[in-house]
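The next block holds one structure in the form of structure tokens; read it before the comments.
Every read-out reported here was derived from the displayed coordinates using simple, explicitly stated rules and does not represent laboratory data. From a predicted model like this one, the values you see are computed outputs, not experimental measurements. No Cβ is skipped: glycine too gets one built from the backbone with ideal geometry, and neighbour counts run over all protein chains shown.
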């Protein structure tokens, strides 16, 4: 099993303001339990995709499986997968 092939992305939103950030994206690797905790001021599909590229994709590549709770918040205007493919270039 390869590392960073199956990941979980959770969004923690509407937190008290801390250095202008009120949201956190948590990216967890299932196999090795490594994680990235990414502070954000806004959450939308384009910003999430750019942060994903900056913190995860450039180091580990595109995973086979992404499990996320993003639909729970209704924050994205369009399909995040399409946006990620556009930003990543695949």
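Descriptive notes on the structure:
- Computed from the Cα positions only, the extents of the range 1-53 along the three principal axes stand at 39, 20, 13 Å, in decreasing order.
- Residues listed by number, the range 43-63, amide nitrogen under 16 Å from residue 86 label point at 7 Å toward C-beta: 44-53
- Cβ crowding within 10 Å ranks 20, 86 as 20, 86, fewest other Cβ atoms first.
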